[in-house]
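Step one of this worksheet: look at the structure below.
The values are calculated or read from the model by the stated rules, or taken from the named source; none is laboratory data. Predicted model, so just to flag it, every value in this text is computed and none were measured. Note that we place each Cβ from the backbone using ideal geometry, even for glycine, and neighbour counts take in every protein chain shown. Quick note on the areas: whole protein, heavy atoms, side chains included, nothing else; ligands and nucleic acids left out. Shrake-Rupley method; radii C 1.70, N 1.55, O 1.52, S 1.80 Å.
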Amino acid sequence: MNKLISAVLSVIMAISALSAASVTANAAESRTFEAIGDEVQVSENTVLKYAYNIPTDYVYKVRFKDTDTLESLDITFDDCTSSAATVTGLDGVYTRLLQAHYSGSGNAYSTYSFSETDGKYVKVKIKLSDFSSYFNEDGTVDIKDHNYNFGADEDGYYSGLVIASGAAYTAVTPDEKGEAEFYISAQIGTITWFLTHFNVGNGTIDKLDIKMGDVNDDFSVDITDVTDVMKNIAGIDKFDSLQRFLSDVNLDGIADVKDATEIQRWICR
């Protein structure tokens, strides 16, 4: 641990020696991002669930099927529209299935275990199209000549969107700005996924470009992120709101040498 701290401090000293004239703009594009501030501590074998802006008469459901017993556990979101709730007892390995409006069909995804997803989860707000080209500017998606708004429209089309990060699952209908609130894991390197389902029988699972520790937006957490944190500390580069959040891995409100050390320790684990 002391060697890690020494290495981090050495790089900070080298960076600080650079001319102040070398201050550069952010490498990452400015994207709509806000850390709401709500933090929830989650235990092992637990799902954290939340619903953002979903219609009161519209049912979202994620089904987890135990790969050993084949028993199913349905996670619904009608009881967590105002605050997050938890579901305990997921002791095993599961396959996920997203369904919308009790459609009777859904999309199955890879197996998943909740035995190592304990820790802190933080609520954030983003503009979906800033983080994935899958979404239109207003948060809708065009599939087979129809514009889906992640709800039931007047033509009887239905769709579902759930954002998953570690043990956190948020059912989402984007607001009028195409923005969404959801919980993400504060664990370094945890991928944030979005899962969609449509009544045309298809959907997708794909990544949102948000991962704690990945401050330079290159889809990985490595030594370049440590360097960027230290350049921000030295005043050479200035972080935007997203970078400040992703670099503050210990959630103490500031990106400093402690965070750089934690990221480097995670890399060397």
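What size of dipole, in debye to the nearest 20, comes out for the stretch 141-185 about its Cα centre when the only charges are +1 on Lys and Arg C-beta atoms and -1 on Asp and Glu C-beta atoms?
Values: 2 positive and 9 negative charges, 59 e Å.
Dipole size: approximately 280 debye.
From the square roots a ≥ b ≥ c of the eigenvalues of the alpha-carbon gyration tensor of the stretch 35-82, which class results: rounded (a/c under 1.5), prolate (a/b over b/c), or oblate?
On the way: a/c = 3.67, a/b = 1.30, b/c = 2.81.
Taking the square roots of the gyration eigenvalues as a ≥ b ≥ c, the stretch 35-82 is oblate.
Report the FRET efficiency, 1/(1 + (r/R0)^6), for SER72 and ILE191, where r is their Cβ-Cβ distance and R0 is 22 Å, rounded to 0.05. Working shown, then result.
On the way: r = 25 Å, r/R0 = 1.12.
Once rounded, the FRET efficiency stands at 0.35.
Give the lysines reachable from LYS65 as a straight Cα distance under 18 Å; neighbours fewer than 8 places away on the same chain don't count.
Qualifying lysines at Cα under 18 Å: LYS49.
Among all stretches of the chain without exposed GluC sites (Glu not before Pro) (DSSP loop, at most 12 other Cβ atoms within 10 Å), which one is longest? Don't jump to the answer; show the numbers that get you there.
Numbers: sites that count: GLU29, GLU71, GLU116, GLU137, GLU154, GLU176.
With GluC sites (Glu not before Pro) excluded where exposed in loops, the chain gives 177-269 as its longest stretch.
Got a sec? Charge dipole of the stretch 196-241, +1 on Cβ for Lys and Arg, -1 for Asp and Glu; which of ILE233, THR196, ILE223 is way out at the positive end?
The Cα lying farthest towards the positive end belongs to THR196.
Compute the length gained on full extension between ALA85 and ILE254: take 0.36 nm times their separation in residues and subtract their Cα-Cα distance, giving the result in nm to one decimal. Numbers along the way, then the final one.
Numbers: separation 169, 0.36 × 169 = 60.84 nm, distance 2.81 nm.
58.0 nm is the gain from fully extending ALA85 to ILE254.
Cross-link candidates for LYS125: which aspartates and glutamates have Cα within less than 16 Å, leaving aside residues fewer than 8 places away along the same chain?
List returned: GLU34, ASP38, GLU39, GLU137, ASP138, ASP175, GLU176, GLU179, GLU181, ASP209, ASP240.
Going through the cross-link list LYS207/LYS238; LYS144/LYS177; LYS120/LYS211, which pairs have a Cα-Cα distance over 19 Å in this structure? Could you put the intermediate results ahead of the total?
Values: LYS207/LYS238 26 Å; LYS144/LYS177 23 Å; LYS120/LYS211 14 Å.
Table pairs above 19 Å Cα-Cα are LYS207/LYS238; LYS144/LYS177.
Calculate, for the chain, the solvent-accessible area per residue in square angstrom, rolling a 1.4 angstrom probe over the heavy atoms of the protein chains.
Details: 12510 Å² over 269 residues.
In whole numbers, the chain has 47 Å² accessible per residue.
Out of the total accessible area of the stretch 217-269 (probe 1.4 Å, heavy atoms of protein only), what percent is carbon and sulfur?
Details: 1370 of 2480 Å².
Solvent-exposed carbon and sulfur of the stretch 217-269 make up 55 percent of the total.
Starting from the Cα gyration tensor of the stretch 222-269, take the square roots of the eigenvalues, sort them a ≥ b ≥ c, and report rounded, prolate or oblate (rounded when a/c is under 1.5, otherwise prolate if a/b is larger than b/c, else oblate).
Numbers: a/c = 1.82, a/b = 1.31, b/c = 1.39.
In terms of gyration-tensor shape, oblate.
Output the antiparallel fraction of DSSP beta bridges having both residues in the chain, as a percent to the nearest 5.
Details: 55 of 61 bridges.
Given both bridge residues lie in the chain, the antiparallel proportion sits at roughly 90 percent.
Using heavy-atom solvent-accessible surface (probe 1.4 Å) with all chains present, what is the largest-first order of THR117, THR76, THR32? Mind dumping the intermediate values first?
On the way: THR117 10, THR76 35, THR32 55 Å².
Accessible-area ranking of THR117, THR76, THR32, largest first: THR32, THR76, THR117.
To the nearest 20 debye, what charge dipole does the stretch 76-189 have about its Cα centre, counting +1 at the Cβ of each Lys and Arg and -1 at the Cβ of each Asp and Glu?
On the way: 7 positive and 17 negative charges, 96 e Å.
Charge dipole of the stretch 76-189: 460 debye, to the nearest 20.
Once neighbouring chains are kept in place and the probe is 1.4 Å, which whole percent of the accessible area of the stretch 77-185 is contributed by carbon and sulfur? All intermediate terms of the calculation are to be shown ahead of the outcome.
Values: 1850 of 4480 Å².
The value for the stretch 77-185 is 41 percent carbon and sulfur by accessible area.
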